[in-house]
Amino acid sequence: MKAYIFIRHGESDINVAKLLSDDTENNSLTDQGKKQVERTAMQLRGLKFDGIVSSPIKRAYDTATIISNYTGLSIKIDDRLREVYLGKANGHRITEFQDELYPNSHITGKMRDNLEMEPWEHLWKRVKGCMDDNRGRYIFVSHSDPIRAIASYYLGFSEADSFGMAIKNASMTVIGKEPLRVLCLGAINLDDKIKSIFS
């Protein structure tokens, strides 16, 4: 059976600074972020997985390392789980690009195109490709936009349809069963029904 728990990295210093970055280095988990990940990792202890696949970006890899310490699972890096390519937005504050009526929201539509960000379709296709190449029960450690994109794909949502979807730090989104579907979205606690998939 195929089943995947997508985990967004814990809070990082660039999250606190509201900086956009797809750089591999120069980003670290905050103390709060480490605690968030530990809380998530404790829920995964004792469940059965084939491994952890992580984005190469430091905040995600450090998250995967904490989870590995709790679960004993090995980590494989896959570039397809990395942050969305931010184009001209990379290194800027998110507040420079947000809609005044919807602060703390996603960069979407024409603004995304104008900033030469990675196209939405490319984003979900690369994440799905990673899933296709890792058949089994896996923990995938990634970022908000890639997780939102793959969840939207399985929900049949367009980018515009998923505008209100918020993937919080260290939250868990589960895609599983046959046919694959979203079983939970951005959860911070897994219920027994979800855990039974990985037992």
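The values are calculated or read from the model by the stated rules, or taken from the named source; none is laboratory data. Predicted model only: the values in this text are computed from it and were never measured. Here the Cβ is made from the backbone with ideal geometry for all residues, glycine too, and neighbour counts use every protein chain on show. Please note that ligands, DNA and RNA were not included when accessible areas were found on the heavy atoms of the full protein model with its side chains. Shrake-Rupley method; radii C 1.70, N 1.55, O 1.52, S 1.80 Å.
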- [ ] With a 1.4 Å probe and every protein chain kept in, tell me what percent of the accessible surface of the chain is carbon plus sulfur.
- [x] 48 percent
- [ ] Find the accessible area per residue for the range 58-199; the probe is 1.4 Å, ligands and nucleic acids are left out, and the unit is Å².
- [x] 49 Å²
Task: Residue-level accessible surface for Glu121, protein heavy atoms, 1.4 Å, Å² - done: 100 Å²
Task: Qualifying trypsin sites (Lys or Arg not before Pro) in the range 148-194, DSSP loop, other Cβ atoms within 10 Å at most 14 - done: Lys168, Lys177
Task: Under 12 Å, Cβ to Cβ, from Leu180 - net charge with Lys/Arg +1 and Asp/Glu -1 - done: +3
Task: Three semi-axes of the equivalent ellipsoid, the range 70-199, Cα gyration tensor, whole Å, largest first - done: 27, 16, 14
TODO: Note down the net charge around Leu44, summing +1 for each Lys or Arg and -1 for each Asp or Glu among other residues with Cβ under 15 Å from its Cβ.
DONE: +2
Open item on the list: Quick check: net charge around Thr108, other residues with Cβ under 9 Å of its Cβ, Lys/Arg +1 and Asp/Glu -1?
Closed with: 0
TODO: Scale the Cα Rg of the range 8-71 by the rule-of-thumb value 2.2 N^0.38 Å and send over the ratio, two decimals.
DONE: 1.12
Open item on the list: Checking a compactness column here: for the range 1-145, what do you get for Rg(Cα) / (2.2 N^0.38 Å), N being the number of residues?
Closed with: 1.07
Task: Förster-model FRET efficiency, 41 Å R0, Lys88 and Ser199, C-beta, rounded to 0.05 - done: 0.35
- [ ] Please give the FRET efficiency for Asn26 paired with Thr65, using the beta carbon to beta carbon distance and R0 = 25 Å, rounded to the nearest 0.05.
- [x] 0.90
